[in-house]
Amino acid sequence: MSKVVEVSPTTRHEGHSKLVLKVNDAGIIERGDWLSITPVRGVEKLCVGKTMHQAPKISSRVCGICPIAHTLAGVGAMEASIGCEIPQDAYLLRTILQCANRLHSHSLHNILTLPDMYIPGTDTKINPFSPEEPVRTVAKRIQKLREVGQTVGEIAGGEAIHPGNPRVGGMYYNITPQAKQKIFDLAKEALPLAIAQMEFMIAVLKNWENRGTVTVGKTEVEIPEKFGWHNQGYMAADPVFESSSLDFEPRWDPDRWTDVSPYNWFQGEMEVSLEDADYPVGGTTKVGTKTWPQMQACTSVPLYDGQPVEVGPRARQVIFKNYDRKGAIGLQIARQMELPDCLYTMVEACDALNCNGSVLADEIPQGDGSLGWNANEAPRGCDVHLARVKDGKVQEYTLLVPTTWNFPTCSRALEGAPWQLAEVIMRAYDPCVSCATHMLVVDESKKIVAQKLVQ
């Protein structure tokens with residue numbers, strides 16, 4: 001007979017989410033729901049009526065981890081709607097900024113995923129803040145990569161978190177030759193560190209996968225052969241940067257996208273019937289607690305060609321580089337493979353950049369209300385912004401962000417794993433839940449369902 005276990009909230013990622021798992025007598029997940037319980041931000045509605053220059057700045061505030069991706073997708077969507085082509089040097093600066101964000105974000109995720117892993121050849125869990133070697137050296141290397149990413153982001157974008165330089169029509173300013181040389185020097189300094197970090201993480205991930213069993217809390221569980229596998233598709237618009245509706249051959253299609261309501265996707269009302277007080281961070285939800293995923297989920301379910309899709313590092317590797325490693329560990333390894341690529345691309349873009357070149361379009365139309373979209377390959381996956389701009393004002397604005405795409409796919413990937421390892425699978429997707437939360441559910445009287453989650 002199936003039992004229900006709930007992990008709420010999940011940990012070591014941005015935002016708030018939970019796992020509602022239906023498991024068999026052996027504790028193996030038969031059906032899993034991973035859902036956002038983050039309060040809605042209402043960013044898209046805030047942007048309606050604002051100028052096309054204001055909206056990308058507003059949308060970047062949805063999160064502090066990937067605001068660069070949202071800024072670039074936002075300005076790209078506005079430009080697509082008004083039909084504005086930007087100068088090549090502006091595109092190169094944006095590419096550098098994109099790579100800086102990915103380098104910082106992937107490095108940060110290594111800190112969050114390492115506590116799940118073991119030092120190869122030992123039974124010692126990796127605490128990335130431990131003063132002991134070799135962990136201390138690894139932590140310093142990660143922080144250096146993050147520092148390089150943030151510094152380059154500040155140089156190219158004006159600010160390391162919410163970049164002020166990108167604007168509709170290109171960039172506000174080009175960088176100086178001295179700033180260009182600084183980016184070169186930082187990228188060359190970081191490249192051997194990125195290669196070393198990639199090799200270290202791949203060794204750690206493969207070691208974990210081959211262990212056979214791992215301990216969670218006080219329970220030893222087996223790692224299934226198909227750990228974190230799913231049978232859904234993949235979606236990616238570019239190996240590094242973006243595609244938009246202005247492209248001669250766009251690599252994303254809004255006509256292939258549909259939405260399903262959470263009520264029609266997630267499980268119905270249930271009662272928790274299994275708990276574990278020894279599960280990390282305070283144990284699982286108490287037996288007898290009511291849980292109702294279909295009414296508590298704060299995201300719609302986006303589908304592409306009528307099915308959920310995985311977006312992110314593995315999707316990019318699968319679509320553009322014939323990568324074929326499945327499962328949660330395959331996803332993690334794909335992420336590590338992108339670390340050096342960030343720096344190679346950064347150097348190439350920097351080399352091609354003309355510091356005396358124009359970075360602002362000669363003409364910036366005001367728009368006639370046409371639909372435009374931009375699919376930015378954010379660190380966590382395809383970040384699609386769609387907009388209609390008329391007379392310089394935003395009429396419609398929609399964000400289809402990476403974790404929104406990944407919620408239903410990861411939910412399917414939970415099946416067949418011991419429930420104690422559900423968070424390990426979930427963390428492989430590097431969730432950014434605040435970005436993904438664009439709705440809440442109300443009943444017939446307009447009362448918010450699950451008010452306690454919002455409070």
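Below is a table of values for the structure above.
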quantity	calculated
Candidate set from the range 31-64 (those that are part of a loop (DSSP other than H, G, I, E, B) and open to solvent by less than 40 Å² (accessible area, probe 1.4 Å)); member that is farthest from Glu423 (Cα to Cα)	Met52
Those residues of the range 153-179 which are over 11 Å from Leu97 (Cβ atoms) and either small (Gly, Ala, Ser) or surrounded by fewer than 20 Cβ atoms within 10 Å (Cβ to Cβ) (or both), in sequence order	Ile161, His162, Gly164, Gly169, Gly170, Tyr172, Tyr173, Thr176, Pro177, Gln178, Ala179
Residues that are within 20 Å of the chain's Cα centre (by Cα) and open to solvent by 60 Å² or more (accessible area, probe 1.4 Å), drawn from the range 240-256	Arg251
Number of positions in the range 71-126 that are polar (S, T, N, Q), in contact (Cβ under 8 Å) with a residue 12 or more places away in the chain and either open to solvent by 20 Å² or more (accessible area, probe 1.4 Å) or out of contact with any helix residue (DSSP H, G or I) (no Cβ under 9 Å at 6 or more places or on another chain) (or both)	2
Per-region count, the range 110-119, residues in a helix (DSSP H, G or I) and over 16 Å from Pro340 (Cβ atoms)	6
Cβ pairs under 7 Å, 6+ apart, first in the range 46-62 and modelled with pLDDT under 90, second surrounded by fewer than 22 Cβ atoms within 10 Å (Cβ to Cβ) and charged (D, E, K, R)	Val62/Arg41
Which numbered condition Thr398 misses (of (1) among the polar types (S, T, N, Q); (2) at pLDDT below 95; (3) crowded, with 24+ Cβ neighbours inside 10 Å)	(3)
Single match in Trp252, Trp292 (criterion: out of contact with any strand residue (DSSP E or B) (no Cβ under 7 Å at 6 or more places or on another chain) and touching a residue at least 12 places away in the same chain (Cβ under 8 Å))	Trp292
Qualifying positions in the range 291-315 - open to solvent by 50 Å² or more (accessible area, probe 1.4 Å) and either assigned to a loop (DSSP other than H, G, I, E, B) or of a type in the set (Asp, Glu) (or both)	Trp292, Asp305, Gly306
Check on Val441, surrounded by fewer than 20 Cβ atoms within 10 Å (Cβ to Cβ) and modelled with pLDDT under 95	yes
Filtered residue count, the range 127-142, keeping only those that are surrounded by 14 or more Cβ atoms within 10 Å (Cβ to Cβ) and part of a helix (DSSP H, G or I)	5
Met1 surrounded by fewer than 24 Cβ atoms within 10 Å (Cβ to Cβ) and either part of a strand (DSSP E or B) or not acidic (Asp, Glu) (or both)	yes
Hey, Lys144 at pLDDT 95 or above, within 21 Å of Tyr91 (Cβ to Cβ) and basic (Lys, Arg) or not	no
Filter result for Ala203 (touching a residue at least 24 places away in the same chain (Cβ under 8 Å), open to solvent by 40 Å² or more (accessible area, probe 1.4 Å) and small (Gly, Ala, Ser))	yes
Strands (runs of 3 or more DSSP E) contained in the range 368-444 and holding at least 1 residues on the phi > 0 side of the Ramachandran plot and within 21 Å of the chain's Cα centre (by Cα)	381-390
Test: residue in the range 272-290 that is open to solvent by 20 Å² or more (accessible area, probe 1.4 Å), assigned to a loop (DSSP other than H, G, I, E, B), of a type in the set (Lys, Arg) and at pLDDT 95 or above	yes
Residues of the range 166-211 classified as in a helix (DSSP H, G or I) and either touching a strand residue (DSSP E or B) at 6+ places or on another chain (Cβ under 8 Å) or not polar (S, T, N, Q) (or both), total	30
When residues of the range 158-169 are limited to those that are touching a Ser or Thr at 6+ places or on another chain (Cβ under 8 Å) and touching a residue at least 60 places away in the same chain (Cβ under 8 Å), the one farthest from Ala80 (Cα to Cα)	His162
Identity of the residue in the range 6-30, of a type in the set (D, E, K, R) and surrounded by fewer than 16 Cβ atoms within 10 Å (Cβ to Cβ), that ends up nearest to Ala417 (Cα to Cα)	Glu30
Where a residue in the range 365-389 is crowded, with 24+ Cβ neighbours inside 10 Å and its partner, wherever it lies, is of a type in the set (Asp, Glu) and in a strand (DSSP E or B), with Cβ under 7 Å and at least six apart	Asn374/Glu242; Ala375/Glu242; Asn376/Glu242; Asn376/Asp383; Glu377/Glu242; Ala387/Glu396
Test: residue in the range 227-239 that is surrounded by 14 or more Cβ atoms within 10 Å (Cβ to Cβ), in contact (Cβ under 8 Å) with a residue 60 or more places away in the chain and farther than 28 Å from Ala375 by Cα	yes
Single condition Asp324 does not satisfy, out of (1) of a type outside the set (A, V, I, L, M); (2) outside any helix (DSSP H, G or I); (3) over 18 Å from Met198 (Cβ atoms); (4) touching a helix residue (DSSP H, G or I) at 6+ places or on another chain (Cβ under 6 Å)	(4)
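The values are calculated or read from the model by the stated rules, or taken from the named source; none is laboratory data. What you see is a predicted model, and the numbers here were worked out from it, not measured in a lab. With ideal geometry, Cβ positions are generated from the backbone for all residues, glycine too; neighbour counts draw on all protein chains shown. Please note that ligands, DNA and RNA were not included when accessible areas were found on the heavy atoms of the full protein model with its side chains. Shrake-Rupley method; radii C 1.70, N 1.55, O 1.52, S 1.80 Å.
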